[in-house]
Amino acid sequence: MFGRCITSHLARSGQVPSALEALVHKAAVTLMGSDMIIEDNFAPMAKLQQPRISQPLESFEQTVFIDELTDKVKSEGFGPHFHQIIGLFGSIMLGLCATEAQQQQVNQWLEQGHFGNFMMTDGGGPTLAYWNSTLTPGDDDSFTLNIDKKWCIEGQNVGFGMVVCQQKGKPFPMTVLLSPEKSKALQQEACGGSFLDGRLQLGNVKGQAQVSKDEFLTKGGLGSVNRFLTLVRPRFVKSLMHHLLWLRDQDRLMLEQDDLSAIDFLINMANWCTARDTFSIHSVDQVLALKFASNELLLSLVLKGALKHIGDQRDLLGFTKMEGSSYRCLFEVYSKFKRGRV
């Protein structure tokens, strides 16, 4: 029952392979939260309806380069291209959320060789109200930004920062653009071992900075975040699927026919998502469902011992958390389906 809120979106792009569908349904039951079990009325879920309203989805020239790099992952692996792909993702986000002046400033920093670090995961936990990274108003339109971020990509070597934080009284997160000078003053340290054959390191970042409203990334509002995820999540999943095929060609992963069918389906769905030029109420849910299915495929490969090396197993498990864990994806999609119960 609960898995159908995922498979309904998957099926929009084509027939879902039976083995992948079974993975999704099993995972949905495993991930059911207490509120689902206790509070849900277990009535049938309504069929997915066509959206009444859709809007044009912005296009960015960066997607051409991302798609070229994603294709290279199939023959060269994710490692050599990970940072460039993620950097281009960040460029799209800034195009949606930053003012023209902020974008010009970022371009200068990039030309100077600074790497942009996106800081999301908070030391206070997953719930915004309990985050340690806070924005506190001061005098003369200044703000104190307290930073406690963990598991940031290359967080041990911050060039400039995009820090997601909470401001008291606001129900949504704020993002602050932090200059190289202010970023350099923060405490930075590597966290855990590297990923992708030593090409990716995560780090923790702590400290405090004085900032102004000019450094807030507020253009586009909350809707820009959903548009951003609609653009980048399918490309991220496609990169992961190509990485699996590369691991197979390197004799590091054994893929069965059901696995290959699932990979082919997820690549086709990713292409279907990126080919769409409109944004609707279903757009975010479609890419959440795509990431959910990708997560469960990666997890199944680890569980059945298809990977020869512990490092590759750890990589795939890590990618089930990045850009949306299965629980988060299921919870968000289910919450919308719940409103449509009959």
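The values are calculated or read from the model by the stated rules, or taken from the named source; none is laboratory data. Treat the numbers as computed from the prediction; the structure is a model and nothing was measured. No Cβ is skipped: glycine too gets one built from the backbone with ideal geometry, and neighbour counts run over all protein chains shown. Please note that ligands, DNA and RNA were not included when accessible areas were found on the heavy atoms of the full protein model with its side chains. Shrake-Rupley method; radii C 1.70, N 1.55, O 1.52, S 1.80 Å.
What the table below lists for this structure:
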item: All positions within region 113-148 that are open to solvent by 50 Å² or more (accessible area, probe 1.4 Å) and either out of contact with any helix residue (DSSP H, G or I) (no Cβ under 9 Å at 6 or more places or on another chain) or over 27 Å from LEU231 (Cβ atoms) (or both); result: GLY113, MET120, THR121, THR127, ALA129, TYR130, ASN132, THR136, PRO137, ASP139, ASP140, ASP141
item: Qualifying position, being at pLDDT 95 or above and open to solvent by less than 80 Å² (accessible area, probe 1.4 Å), among GLN208, GLN201; result: GLN201
item: Subset of region 315-342 that is among the acidic types (Asp, Glu) and modelled with pLDDT of 90 or more - its residue that is least open to solvent (accessible area, probe 1.4 Å); result: ASP315
item: Residue under evaluation GLN62, criteria (1) within 23 Å of the chain's Cα centre (by Cα); (2) at pLDDT below 90; (3) under 29 Å from MET93 (Cβ atoms), criterion not met; result: (2)
item: Conditions (1) farther than 20 Å from PHE319 by Cβ; (2) under 18 Å from the mean Cα position of the chain (by Cα); number of the one not met by ARG276; result: (2)
item: Cβ pairs under 7 Å, 6+ apart, first in region 1-13 and free of Cβ contacts under 8 Å to residues at least 40 places away in the same chain, second of a type in the set (D, E, K, R) and surrounded by 20 or more Cβ atoms within 10 Å (Cβ to Cβ); result: none
item: Set ASP285, ASP312: member being part of a helix (DSSP H, G or I), touching an Asp or Glu at 6+ places or on another chain (Cβ under 8 Å), charged (D, E, K, R) and open to solvent by less than 60 Å² (accessible area, probe 1.4 Å); result: ASP285
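Residues are listed down the side, and each one gets a yes or a no for (1) among the hydroxyl-bearing types (Ser, Thr, Tyr); (2) part of a strand (DSSP E or B); (3) in contact with a His (Cβ under 7 Å, 6 or more places away or on another chain); (4) within 14 Å of HIS243 (Cβ to Cβ):
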site: ASP259; (1), (2), (3), (4): no, no, no, yes
site: ASP264; (1), (2), (3), (4): no, no, no, no
site: CYS273; (1), (2), (3), (4): no, no, no, no
site: PHE279; (1), (2), (3), (4): no, yes, no, no
site: LEU297; (1), (2), (3), (4): no, no, no, yes
site: LEU301; (1), (2), (3), (4): no, no, no, yes
